[in-house]
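Colleague: Mind looking over this structure? Questions follow.
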Amino acid sequence: MTQRPDIPLPPPKERRRLREAGALTQAQVAAQVGVARETVRAWESGRTTPHGRKGEAYARLLESLTTPSAEPYEEPAAPRTAAGRTGRHRQPSPSAIATAEAPEPSDGLTPAQAFDALYAFCAPALVRQTYLLSGRRELARESVERAFQTAWQRWPEVAVDPDPASWVRATAYEYALSPWHRFRPRYRHPEPPPADAADRALLDVLLTLPPSYRRTLLLHDGVGLGLPETAAETEASTPATANRLLHARQAVAARLPGLADPAALHQRLAEVASAERLRAPRPPTVRLGSERRARFWTRAAIAFTVTIIGATALTVRTAPTRYEPPVPPGETVQGIPPRVAPGTLSDKELKLRKKLRSGTAHGPQRLLPESR
């Protein structure tokens, strides 16, 4: 049985141009092809190449976009929650924990405007993702803020990245999973758990997973990344990522049998994240904080350098300019009896001491030794 050859695809830039010409978003293309939005983004950036049935569907879609008579694609309606699911949870939006589609770079935007647009699209969902990853609301907000501050400091590098949202997400995840937070006084005690018992149970199961398993499960089943994209973001091989995902799913299914289906798990993760009121600071506040932090560390580096230069100059000024040989250790001299401790005075010595004491007490005259 021979394998059918893959349908030829246009270059990555042409794929993106065809999608924009057809007035389609990456999310709409991903829904029609049957893949995640991050996968379509990777196809358009040239990081991965589609193969198999997904590649054929993607090629047919691009081919249909080249014809003028192509009908516009309508995004399918978001799936509803299960009929038996009742309670206070609201219907989460499709981007409740999945990062929204980042705005396309434009030459007419200033760096601050481009940063604010990226922050407005990615920060709300990223705060919810980080909360599911760490289980702490304040740490989630701090991690996202610190990640965007780092992105603003390195904006020339982030602006030309094929996927700036993934760059910021990886930075936020690394900060949230840092083991040094356990030594901070504000993070030594656990935060109040979610009010709903089902949300509490799911969050407890997630926090019992190892950090690498938890991150893989969140990226694949929560955010919706493909297996290769998840492996690339977690800096692991694809087989290792698949093994982590399998064990994480088994651990969740063992505690919560109703979440054995990945689709149900994705829906519950979105509901748990949407139930919490997690707000990110405004973009100007993040940019100003990043600039203030950069100024602080620049001044600290200058002060440290000046201190080192001053200490070096003081050492050079006060150091001796000639060689001073060290004092040699003492040596034993032969022929001299060792000194002994004084003993009891004899009668003659006692008489002499009495005479000296009685003589010096009567006046300032000086006693002269008698010659005998």
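Colleague: In segment 318-328, is there at least one residue being assigned to a loop (DSSP other than H, G, I, E, B), charged (D, E, K, R) and free of Cβ contacts under 8 Å to residues at least 12 places away in the same chain?
Modeller: yes
Colleague: So is R186 out of contact with any strand residue (DSSP E or B) (no Cβ under 6 Å at 6 or more places or on another chain), touching a residue at least 12 places away in the same chain (Cβ under 8 Å) and part of a helix (DSSP H, G or I) or not?
Modeller: On the way: out of contact with any strand residue (DSSP E or B) (no Cβ under 6 Å at 6 or more places or on another chain): yes; touching a residue at least 12 places away in the same chain (Cβ under 8 Å): yes; part of a helix (DSSP H, G or I): yes.
The answer is yes for R186.
So that you can scan it fast, the table gives a plain yes or no per residue for (1) open to solvent by 30 Å² or more (accessible area, probe 1.4 Å); (2) among the acidic types (D, E); (3) touching a residue at least 24 places away in the same chain (Cβ under 8 Å); (4) within 18 Å of R128 (Cβ to Cβ):
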site: S166; (1), (2), (3), (4): no, no, yes, yes
site: A170; (1), (2), (3), (4): no, no, yes, yes
site: L206; (1), (2), (3), (4): no, no, yes, yes
site: R214; (1), (2), (3), (4): no, no, yes, yes
site: L219; (1), (2), (3), (4): no, no, no, yes
site: V223; (1), (2), (3), (4): no, no, yes, yes
site: P239; (1), (2), (3), (4): yes, no, no, no
site: N243; (1), (2), (3), (4): yes, no, no, no
site: A260; (1), (2), (3), (4): yes, no, no, no
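Colleague: Among the residues of segment 259-307, write down those that are within 20 Å of A195 (Cβ to Cβ) and assigned to a helix (DSSP H, G or I).
Modeller: Within segment 259-307, L259, Q267, R268, L269, A270, E271, V272, A273, S274, A275 meet the criteria.
Colleague: Does segment 228-237 hold any residues that are part of a helix (DSSP H, G or I) and either under 23 Å from A140 (Cα atoms) or open to solvent by less than 50 Å² (accessible area, probe 1.4 Å) (or both), and which are they?
Modeller: E229, T230, A231, A232, E233
Colleague: Say we look at segment 141-164 and pick out the residues that are at pLDDT 90 or above and small (G, A, S); which of these is surrounded by the most Cβ atoms within 10 Å (Cβ to Cβ)?
Modeller: S143
Colleague: If you check A270 against the conditions, is it farther than 28 Å from T48 by Cβ, open to solvent by less than 60 Å² (accessible area, probe 1.4 Å) and in contact with a Ser or Thr (Cβ under 9 Å, 6 or more places away or on another chain)? Explain how you work it out, then say what you get.
Modeller: Details: farther than 28 Å from T48 by Cβ: no; open to solvent by less than 60 Å² (accessible area, probe 1.4 Å): yes; in contact with a Ser or Thr (Cβ under 9 Å, 6 or more places away or on another chain): yes.
No; evaluated as a whole, the condition is false for this residue.
The values are calculated or read from the model by the stated rules, or taken from the named source; none is laboratory data. The model shown is predicted, which means the values in this text are computed figures rather than measured ones. Cβ coordinates were reconstructed from backbone atoms using ideal geometry, including for glycine residues, and neighbour counts include every protein chain displayed. We work out accessible area using only protein heavy atoms, side chains counted, and drop any ligands, DNA or RNA first. Shrake-Rupley method; radii C 1.70, N 1.55, O 1.52, S 1.80 Å.
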